Amino acid sequence: MEAPAAGGSEGQGDPRVTAVEGQSERISEQRVAEVLGQGEMLDSRLNDLPSRFRKMGRQVRLLFSLVRDVVEGTYRTLDGLSLAIAAAAILYFLNPFDLIPDAILVVGLTDDALVVGGAVRALQKLLRDYAEFKRYDPNEFF
């Protein structure tokens, strides 16, 4: 089963959109390699999440799986901007020194939840399609 293509023709021909898409592809190449190299740290962080953040943890795992499958070529329906958003959300989650340091228990995860939640909302259709492609229950993530 192949997932439907992401994106559309909105903004096509607009030089601002073209510039953002070009820059997002460069960002993604750098960030994606960094994200994929953090798999063990990601697992460790996700396993230590308090129960109230478990849904966010499942969403981060879905984002990571998506990025990995795109890089490995098993999932091809992702544009550069969406890949950059997914990679940035994962890296923000992994960074212990973000807006609110993660060392501040529970409160330190609030900004992570906002960033991951924003990425998931921005990519929701794409992530639902991906979850179905992987034969995951989308209700586990949304």
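Where a number appears in this text, it was derived from the coordinates with a stated rule and is not lab data. Just so you know, these numbers come straight off a predicted model, no measurement behind them.
Some observations on this one:
- Relative intensity, log₁₀ I(q)/I(0), of the range 31-115 from a Debye sum that treats every alpha carbon as a point, q = 0.11, 0.18, 0.19 Å⁻¹: -0.28, -0.73, -0.81
- Across the range 62-78, computed HN-Hα scalar couplings (Karplus, 6.51 cos²θ - 1.76 cosθ + 1.60, θ = phi - 60°) run 5, 4, 5, 4, 4, 4, 4, 5, 5, 5, 6, x, 7, 9, 10, 9, 9 Hz from first to last residue, x flagging Gly and Pro.
- Shape call, the range 35-85: gyration tensor on alpha carbons, a/c limit 1.5: prolate
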